[in-house]
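First the structure, in the form of structure tokens, and then the observations on it.
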Amino acid sequence: MCGIVGYIGQREAWQIIVKGLKRLEYRGYDSAGVALVDQQHINHYKKTGKVSDLEAAAAGANLQGRTGIGHTRWATHGEPSDRNAHPHLSEDGRLAIVHNGIIENYGPLKEELSSRGHVFQSDTDTEVLIHLIADILAEEKTDLLEAVRIALTQVIGAYAILVTDREHPEQLIAARKGSPMVIGVGNGEYFIASDASPIIEYTRNVIYLKDREIAFINGGELLIKTIDNEVQTPYIQKLEMQLEMLEKAGYDHFMLKEIHEQPRSIRDCMRGRIYPQEGKVQLGGIKEYADKLRNAERIIIVACGTSWHAGLVGEYLIEEFARIPVGVEYASEFRYRNPIITERDIVIAISQSGETADTMAAIELAKERGATILGICNVVGSSIPRLTHGGVYTHAGPEIGVASTKAFTAQVTVLTLIAMYAAQLRGTLAQSKLVELLTSLEDIPTLVEKTLACDQATQYIAAEIKDATNAIFLGRGVGFPVALEGALKLKEISYIHAEGYPAAEMKHGPIALIDEEMPVVVIATQNSSYEKVISNIQEVKARKGRVIAIVTEGDTAVRALADYVIEIPDADEAFLPLLATIPLQLLSYHTALLRGCNVDQPRNLAKSVTVE
Ligand code: HGA
């Protein structure tokens, strides 16, 4: 979602900000803008479209200034337009703001400010905040830091903001509540951004601003205080991210690069955590909660989107291995009902970015009711790992493609490890079975590597289905969440309407849609439901559907029925999602390419969903 970049120091800010905004493009956005403070003036440039459109629009203009703020906007309040793009200025042009989040009480605030003569230029909630700050500054005869602080005590909602002042080019203010903000500390200069990717090439020393904190940079000095006016001691930590991880490394798209990274990312995710010969799983981040896990009456998994699909895989595996009942919830639904949660429950929150607004709210709710909260996140230092009691990082590395690929398989890997860890604690799997499972799990990265050889087959099939308007994905058991994820991938990046269903559910509705135009992708590997899935394929064929089957290598029965087959290596059924997902990712990728879609930045989508 929205991305924020700010700079204050001895260098020209424009280049740093524009480069930073490009690094944040993956988050998804519809417009971009920059404000620069130069000789007691604020020059600002805003444009609908890409950051490159902004650059073109600003070409030849005064781009000087050593203090600046920039923004990529994913509209929530007001259509995507030049007028609604950030930064927004105070009426007198003295102050500029960029904002990520939603000011929920912007309506009453706007009414109040309008009644006092304020005139607004945009439809955004954000503009209300800069008017409010300017109003307090004028009325209270105070300084900007205090005006921002007072304004923030009056707003309801989520925000990460940067504010500049043309009368004080040596000052920059940042604040956050519910939306991420990282401050890179250089030598007398500061780089501020929504995540570390715009900062990494300048400094590795970063401060993750906490909720309700305000950072005040003034003449090279940094002061952090809370909205309640308590001064904080900044905690500077070292970034571990590598710059190469943010580049395409010769691939045409980040998504393709990330699909091909999966043997590595799954291996990294298991590194130091599995001991196959001893039949042992070790998860340092949740070790402290071993007793809770041993005695848990129930596990509730909360997540959104692809992470929710990973959660469904987790449900199968935890119930199968550890015999703990599991419920999987959409965080956005869970947070707004009155769920029954007890102190004996464990809530596992899954989020790639660690910033998903609904998942964070679900965590707060479960925490209030006494549950133990464990997180599964990819982005180190993000908000969710700080909200949870314990957790396991997926270590997939930065995921830039908006459609999640390697983060999904890493989440599934972590859930597999948690299922086995819980089984080990509860004694629900024999030691010999744990040895057997872990030995084959250790082999999965090599099998993923082999699976990637299906690239050519998926390319061929993509050409066959690229003109379809609908598609169905079917699977049973752990193959069902894989089907859901396959359908989501196709929808997200190729804009073909696709639905995932448990294969047996097809008869209860979707079968009515099947005709010779309809591609039906079936997870038909040789596992416990193989025979049943074959019957489902027969039902599709009887209605002239076009079957694309994911099969175990060497399969002949499905090959005889299906129109197209993609082979994957044989593996324990529990690990099927880690292999069967790969061809579905590639199928979506190639289909989207053939349809001329923007694979890495599909329309309307955002990478980290920081608003509810
Ligand atoms: N509410 C603001 C900012 C939106 C946002 O943070 N999106 O991620 C707007 O609509 O401009």
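Only aspartates and glutamates eight or more places from LYS292 in sequence, or on another chain, were considered; those with a Cα closer than 12 Å are GLU343, ASP345.
Within the stretch 253-347, report the GluC sites (Glu not before Pro) that DSSP leaves as loop and that have at most 13 other Cβ atoms within 10 Å.
GLU297, GLU343
Each residue of the stretch 582-599 is assigned a 3J(HN,Hα), and the resulting list reads 4, x, 5, 5, 5, 4, 5, 4, 5, 5, 4, 4, 5, 8, x, 8, 7, 5 Hz, derived from the Karplus form 6.51 cos²θ - 1.76 cosθ + 1.60 (θ = phi - 60°), x at Gly and Pro. Each Cα pair under 8 Å and six or more residues apart adds its sequence gap; the mean of these over the residue count of the stretch 244-382 is a relative contact order of 21 percent.
Express in % the proportion of alpha carbon pairs of the stretch 175-262 at distances exceeding 23 Å.
Numbers: 1311 of 3828 pairs.
More than 23 Å apart: 34 percent of the Cα pairs in the stretch 175-262.
The mean of 1/r over all distinct Cα pairs in the stretch 281-324, once inverted, gives the Kirkwood hydrodynamic radius of 11.6 Å.
Between the Cα long axis of helix 357-368 and the first principal axis of the chain there is an angle of about 80°, rounded to the nearest 10.
By DSSP, what percent of the beta bridges with both residues in the chain are antiparallel, rounded to the nearest 5?
Values: 65 of 105 bridges.
Of all bridge pairs located within the chain, approximately 60 percent are antiparallel.
Couplings for the stretch 217-234, taken from phi via the Karplus curve 6.51 cos²θ - 1.76 cosθ + 1.60 with θ = phi - 60°, read 9, 9, x, x, 9, 10, 10, 10, 9, 8, 5, 8, 6, 9, 6, 10, 8, x Hz in order; Gly and Pro are left as x. Does the stretch 461-581 come out rounded, prolate or oblate by the C-alpha gyration tensor, with a ≥ b ≥ c the root eigenvalues, rounded set by a/c under 1.5 and, if not, prolate when a/b is larger than b/c and oblate if not? Cα axes put the stretch 461-581 in the rounded bin. Summarising the amide proton neighbourhood of TYR336: residues at separation of 5 or more, or on other chains, whose placed amide H is nearer than 5 Å comprise an empty set.
Given the pairs LYS46/LYS141; LYS46/LYS257; LYS110/LYS141; LYS248/LYS491; LYS110/LYS367; LYS248/LYS287, which span a C-alpha to C-alpha distance of over 25 angstrom in this model?
Working: LYS46/LYS141 31 Å; LYS46/LYS257 32 Å; LYS110/LYS141 21 Å; LYS248/LYS491 23 Å; LYS110/LYS367 34 Å; LYS248/LYS287 36 Å.
Long pairs (Cα-Cα over 25 Å): LYS46/LYS141; LYS46/LYS257; LYS110/LYS367; LYS248/LYS287.
Simple rule: put +1 on each Lys or Arg Cβ and -1 on each Asp or Glu Cβ in the stretch 453-572, find the dipole, and look at ILE493, THR525, ALA512; the Cα lying farthest toward the positive end is ALA512.
Computed from backbone phi, the HN-Hα couplings of the stretch 316-326 come to 4, 6, 5, 5, 5, 7, 9, 6, 10, x, 10 Hz, rounded to whole numbers (Karplus: 6.51 cos²θ - 1.76 cosθ + 1.60, θ = phi - 60°; Gly and Pro given as x).
Grab the DSSP H runs of the chain that are 4 residues or longer, score each as -39,500 (n - 2.57), total them, divide by all residues and round the 222 nm result to the nearest 500 deg cm²/dmol.
On the way: 20 runs with 222 residues, N = 612.
Calculated at 222 nm, the ellipticity per residue is -11000 deg cm²/dmol.
Report the per residue volume, in Å³, of the convex hull enclosing the C-alpha atoms of the chain. If you can, show how the numbers build up before the last one.
Numbers: hull volume 93.9 nm³, N = 612.
Dividing the Cα hull volume of the chain by its residue count gives 153 Å³.
For the stretch 10-110, the Kirkwood estimate of the hydrodynamic radius, built from every pair of different alpha carbons, is 13.9 Å.
For the stretch 234-287, the set of chymotrypsin sites (Phe, Trp or Tyr not before Pro) satisfying both a DSSP loop assignment and a count of at most 12 other C-beta atoms within 10 Å is given as TYR235.
Using the Cα coordinates of the stretch 89-133, the gyration tensor eigenvalues translate into equivalent-ellipsoid semi-axes of 14, 14, 8 Å, sorted from longest to shortest. With the charge dipole of the chain set up from +1 on Lys and Arg Cβ and -1 on Asp and Glu Cβ about the Cα centre, the Cα lying farthest toward the positive end among the listed residues PHE334, ILE348, THR428 is that of THR428.
Classify the stretch 67-181 as rounded, prolate or oblate, taking a ≥ b ≥ c as the square roots of the eigenvalues of its Cα gyration tensor: rounded when a/c is under 1.5, otherwise prolate if a/b is larger than b/c and oblate if not. Provide the component values of the computation, followed by the final result.
Working: a/c = 1.30, a/b = 1.10, b/c = 1.19.
In terms of gyration-tensor shape, rounded.
Dipole magnitude for the stretch 184-306: about 600 debye, using +1 per Lys or Arg Cβ and -1 per Asp or Glu Cβ, origin at the Cα centre.
If you take the Cα centroid of the stretch 198-260 and the Cα centroid of the stretch 378-405, the two points sit 14 Å apart. Note: relative contact order over the stretch 1-139, using C-alpha pairs below 8 Å and six or more positions apart, is 25 percent. Check each of the chymotrypsin sites (Phe, Trp or Tyr not before Pro) in the stretch 24-122 and keep only those in coil by DSSP with at most 16 other C-beta atoms within 10 angstrom; list them in order. Within the stretch 24-122, the qualifying chymotrypsin sites (Phe, Trp or Tyr not before Pro) (loop, at most 16 other Cβ atoms within 10 Å) are PHE120.
The label point for ASN470 and the one for ARG323, both projected 7 Å from the Cα toward the Cβ, are 4.4 nm apart.
Using only Cα atoms and rounding to the nearest 10 degrees, what angle (0 to 90) does helix 106-115 make with the longest principal axis of the chain? Rounded to the nearest ten degrees, it is 20. Quarter the surface of the alpha carbon convex hull of the stretch 332-430 and you get the mean projected area, 7.0 square nanometres.
Taking the charge dipole of the chain about its Cα centre, with +1 at Lys and Arg Cβ atoms and -1 at Asp and Glu Cβ atoms, the residue from ALA362, VAL379, THR416 reaching farthest to the positive side is THR416.
For the stretch 536-606, what does the alpha-carbon gyration tensor say about shape, rounded, prolate or oblate, given a ≥ b ≥ c as the root eigenvalues, a/c under 1.5 as rounded, and a/b over b/c as prolate? Oblate is the answer for the stretch 536-606, as a/c is 1.5 or above yet b/c matches or exceeds a/b.
How big is the stretch 227-320 by the Kirkwood estimate over distinct Cα pairs, in Å? Intermediate results must be reported in sequence, preceding the final value.
On the way: mean 1/r = 0.0557 Å⁻¹.
It is 18.0 Å.
Taking amide H positions as modeled 1.01 Å from N, with prolines and chain starts lacking one, the residues under 5 Å from CYS2 and 5 or more places away or on another chain are TRP74.
Every number here is computed from the coordinates shown, using simple stated rules; none is lab data. This structure is a prediction, so every number in the text was calculated from the model and none was measured. Backbone-built Cβ (ideal geometry, glycine too); neighbour counts: all protein chains shown.
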